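Participant: Sharing a structure with you now.
The values are calculated or read from the model by the stated rules, or taken from the named source; none is laboratory data. The structure presented is a predicted model; accordingly, all values stated were derived computationally and were not measured. All Cβ positions, glycine included, derive from the backbone under ideal geometry; neighbour counts span all protein chains shown.
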Amino acid sequence: MSYYDIDAILTDAQKVPCTFEITIPGLGYLEGNSNTDIKQGTRVELPLWLAEMLGVSQRLGTEQNVVTLDLPPALAPRVQNALKANPCTVDLRSLASHYYSLGERILGLLEEDELVDILSETFKKRAAEIADHAHNPQGVISSGGEFLKGLDENERQLFKISHESAKAIRAFLSDRSNTKK
Amino acid sequence: MNNNNHSANGPLTPAEVAFLCEAQSITIIPRQRLDGLDLIGGYIPPFHPPQRTAIPLWLALLLKRQRRCNIVPPPWLSAPNIERILKIETENQNFFCPDLPYRWLETAELLLEACPDDLGGDDGELRVLLRGLREVRQGKVREGLGKLEATYLQMNNLGLLEITEVRGFAKGVVDGLRKIGASIEVELVLGWMMMMMIFR
């Protein structure tokens, strides 16, 4: 992910639940109580860029990791089961606007073997649905609209690309038959 | 075309694909004499009507529009041949017929537009057959896309225009799958290296 990429920046901004392992003076405002300390064991939702750095800080020189990361609610076992059952009906956008990017980052930080397969299968099946929708535009009104509204950012771009190329080919072919002499 | 939206299809729009296919060679029956032309792109042989000469497609289309020649359709572009290919395509769900040249769709479209009278008189039937062929192949392409994996996708004998149609989409899907599986790949490589060090 590049430094200036908007999608990368937005991915980083998504929140992850963390548990503090040590007591830190003065950071109480993260919990909402200013001017107190963060006690060991407190759970706070931190943005990914911060959580990642603190979660691997042991490698960078502190005694132990400042926080331990947990699975964000968007990737909870309940959601994983829903994705295993029927990937096309889950509303990914409401769980996380950059769902797959969040998944990638979490997979890099936590040990979650099954999650890789679940995410891959979900992506494949939803991509097939997206291709269908792109070729037969039904608009936002019918049942297709529900699915389209639930796409995360990656899928939305995929849909746009496939729709645009289908449109270009159609325009090209109909241009030809319209200019018959 | 004013709509040169490159982000969708990558480097090629359908109009550009059509332009590129005009470089191929085609036979014509000239109606007028012409001396040989020494162009940068190649040498155009002199025309001695009614002898047939082979020239690039772009020149053939230009001359045809000025009514200075008649185009001889390429051997694969005839109704019986297309019908035969259509039959092979419908009967075999798993592969694309290799008898179609790489640029069949764009060449056929250009020729149908420029010289319907030269194509053997049954150009209406030819149009219908070509449309049908395109739809059968498109259905197979879509089915193949459903089986995309992160490593590679193999679909033999697709035409250039058909590839351009799916290039943007396939690229996005393969990329996405690769990124999701990236963490596992790193683990596999590390595991491999450790095994090699332990069992050396």
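Participant: Here is a check on your reading of the model: is B:CYS69 within 14 Å of chain A (Cβ to nearest Cβ), over 24 Å from B:ARG137 (Cβ atoms), touching a Pro at 6+ places or on another chain (Cβ under 9 Å) and surrounded by 14 or more Cβ atoms within 10 Å (Cβ to Cβ)? Can you show your working first?
Facilitator: Working: within 14 Å of chain A (Cβ to nearest Cβ): no; over 24 Å from B:ARG137 (Cβ atoms): yes; touching a Pro at 6+ places or on another chain (Cβ under 9 Å): yes; surrounded by 14 or more Cβ atoms within 10 Å (Cβ to Cβ): yes.
The answer is no for B:CYS69.
Participant: Let me ask you something else. Determine if the range A:67-75 includes at least one residue that is β-branched (Val, Ile, Thr) and free of Cβ contacts under 8 Å to residues at least 60 places away in the same chain.
Facilitator: Residues of the range A:67-75 β-branched (Val, Ile, Thr): A:67-68.
After this cut, where a residue has to be free of Cβ contacts under 8 Å to residues at least 60 places away in the same chain as well, the list is A:67-68.
Yes, some residue in the range A:67-75 is β-branched (Val, Ile, Thr) and free of Cβ contacts under 8 Å to residues at least 60 places away in the same chain.
Participant: Here is a check on your reading of the model: is A:ALA127 assigned to a helix (DSSP H, G or I), surrounded by 19 or more Cβ atoms within 10 Å (Cβ to Cβ) and of a type in the set (Gly, Ala, Ser)? It would help to see each step written out before you state the result.
Facilitator: Working: assigned to a helix (DSSP H, G or I): yes; surrounded by 19 or more Cβ atoms within 10 Å (Cβ to Cβ): yes; of a type in the set (Gly, Ala, Ser): yes.
Spelling it out, A:ALA127 is indeed assigned to a helix (DSSP H, G or I), surrounded by 19 or more Cβ atoms within 10 Å (Cβ to Cβ) and of a type in the set (Gly, Ala, Ser).
Participant: Which of (1) crowded, with 18+ Cβ neighbours inside 10 Å; (2) touching a Gly at 6+ places or on another chain (Cβ under 6 Å) does A:ASP91 not meet, given it meets every other one?
Facilitator: If we test A:ASP91 against (1) crowded, with 18+ Cβ neighbours inside 10 Å; (2) touching a Gly at 6+ places or on another chain (Cβ under 6 Å), just (1) comes out false.
Participant: Also: Across the range B:76-105, what is the number of residues that are loosely packed, with under 12 Cβ neighbours inside 10 Å and under 17 Å from B:GLY120 (Cβ atoms)?
Facilitator: So the answer is 1.
Participant: Does the range A:28-35 include one or more residues that are loosely packed, with under 14 Cβ neighbours inside 10 Å, assigned to a loop (DSSP other than H, G, I, E, B) and at pLDDT 80 or above? I'd like the intermediate steps shown before the answer.
Facilitator: Of all residues in the range A:28-35, those loosely packed, with under 14 Cβ neighbours inside 10 Å come to A:29, A:32-35.
Right, trim to assigned to a loop (DSSP other than H, G, I, E, B) and you get A:32-35.
If we keep only those that are at pLDDT 80 or above too, we end up with none.
Scanning the range A:28-35, I find no residue that is loosely packed, with under 14 Cβ neighbours inside 10 Å, assigned to a loop (DSSP other than H, G, I, E, B) and at pLDDT 80 or above, so the answer is no.
Participant: Separate question: Here are A:GLU104, A:GLU121, A:GLU146, A:GLU155: which of them is more than 9 Å from chain B (Cβ to nearest Cβ), touching a Leu at 6+ places or on another chain (Cβ under 9 Å) and charged (D, E, K, R)? Give the steps one after another, and end with the answer.
Facilitator: Numbers: A:GLU104 fails: more than 9 Å from chain B (Cβ to nearest Cβ); A:GLU146 fails: touching a Leu at 6+ places or on another chain (Cβ under 9 Å); A:GLU155 fails: more than 9 Å from chain B (Cβ to nearest Cβ).
It is A:GLU121.
Participant: Further, regarding this structure: From the set of residues in the range B:158-184 that are buried (at least 17 other Cβ atoms within 10 Å of the Cβ) and of a type in the set (D, E, K, R), which is farthest from the chain's Cα centre (by Cα)?
Facilitator: Per the stated criteria, the residue is B:LYS179.
Participant: Going by what's in this entry, would B:VAL166 be described as of a type in the set (Val, Ile, Thr) and more than 28 Å from B:GLN24 (Cα to Cα)?
Facilitator: Working: of a type in the set (Val, Ile, Thr): yes; more than 28 Å from B:GLN24 (Cα to Cα): no.
No: the conditions fail for B:VAL166.
Participant: Within the range B:95-153, track down each residue that is at pLDDT 80 or above and of a type in the set (Val, Ile, Thr).
Facilitator: B:THR107, B:VAL128, B:VAL136, B:VAL141
Participant: Which of the residues spanning the range B:96-138 are more than 12 Å from the chain's Cα centre (by Cα) and β-branched (Val, Ile, Thr)?
Facilitator: B:VAL128, B:VAL136
Participant: Quickly run through the range A:11-23 and pick out the residues that are surrounded by fewer than 16 Cβ atoms within 10 Å (Cβ to Cβ) and more than 12 Å from A:THR68 (Cα to Cα). Quick ask: steps written out before the conclusion?
Facilitator: Let us first name the residues in the range A:11-23 that are surrounded by fewer than 16 Cβ atoms within 10 Å (Cβ to Cβ), namely A:13, A:19, A:22-23.
Residues satisfying the conditions are A:ALA13, A:THR23.
One line per residue, one yes/no per condition, for (1) more than 29 Å from A:SER97 (Cα to Cα); (2) at pLDDT below 85:
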site	(1), (2)
A:MET1	no, yes
A:ALA8	no, no
A:GLN14	no, no
A:THR19	no, no
A:PRO25	yes, yes
A:ASP37	yes, yes
A:PRO47	no, no
